[in-house]
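The values are calculated or read from the model by the stated rules, or taken from the named source; none is laboratory data. These numbers were taken from a predicted model, which means no experiment stands behind them. Every residue, glycine among them, receives a Cβ derived from its backbone with ideal geometry; neighbour counts consider all protein chains shown. Quick note on the areas: whole protein, heavy atoms, side chains included, nothing else; ligands and nucleic acids left out. Shrake-Rupley method; radii C 1.70, N 1.55, O 1.52, S 1.80 Å.
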Amino acid sequence: MNRRDAIQHVALLLGGMISVPAMAGVNGQILNFGESVPVTAEQEALLADLADVIIPTTSTPGAKAAGVEKFIVRVMRDCYPKDDQEKFYSGLTQLNTDSRSSFGKSFVELDAKQKNDAVKALTASNKPFFLRMKELTVTGYFTSEIGATKALEYLPIPGRFEGCVPLKPGQKAWAL
């Protein structure tokens with residue numbers, strides 16, 4: 001085995017271990033039976049706007065339309081320990097604080113360009129928070145009805161299994 005193959009195998013293993021709580025949330029499992037951090041309506045609106053910057057509305061509905069913020073709140077509450085929840089929500093609070101200091105307004109009040117600039121700054125200042133937010137946003141979006149049917153190609157009653165089917169130019173990827 002060469003070094004490149006070894007790195008790919010390790011990355012796959014670590015990637016699977018990192019997203020265990022997110023996958024548990026997709027399956028509706030509850031891993032956290034202890035205390036949870038209460039989420040305010042303001043934080044939920046902030047999550048919705050941040051998720052909508054990550055997956056904006058284009059020719060398909062965005063993360064906000066899919067209700068990704070509700071998925072994130074549920075997964076954080078049900079699948080992450082309280083310490084991880086506190087770190088996550090403190091990252092969210094820090095984004096809002098940085099937005100107020102840079103633009104004089106909360107993140108929710110910013111226009112689209114300012115939101116994009118704030119998120120770019122976030123990727124540099126708090127990369128772990130951004131990566132978790134991105135993971136939860138993408139998972140929540142593509143497991144939602146909107147993500148699975150509008151953004152991906154969806155076949156409710158599939159025919160026979162075909163393991164390798166070429167996509168036509170411009171065709172969407174298939175939903176699972």
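Using a probe of 1.4 Å on the protein chains alone, the accessible area found for residue 167 is around 90 Å².
Remark: segment 135-152, residue by residue, has Karplus-estimated 3J(HN,Hα) of 4, 5, 5, 5, 4, x, 5, 7, 9, 7, 4, 4, x, 6, 9, 9, 8, 10 Hz, where x stands for each Gly or Pro and the curve is 6.51 cos²θ - 1.76 cosθ + 1.60 at θ = phi - 60°. Since only 136, 103, 167 are under comparison, the one whose Cα sits farthest along the positive direction of the charge dipole of segment 59-167, derived from C-beta charges on Lys, Arg, Asp and Glu, is 103. In this view, the solvent-accessible surface of residue 79, computed with a 1.4 Å probe and all protein chains in place, comes to about 10 Å². When a 1.4 Å probe is rolled over the protein heavy atoms, the share of accessible surface on segment 72-127 that falls to carbon and sulfur comes to 49 percent.
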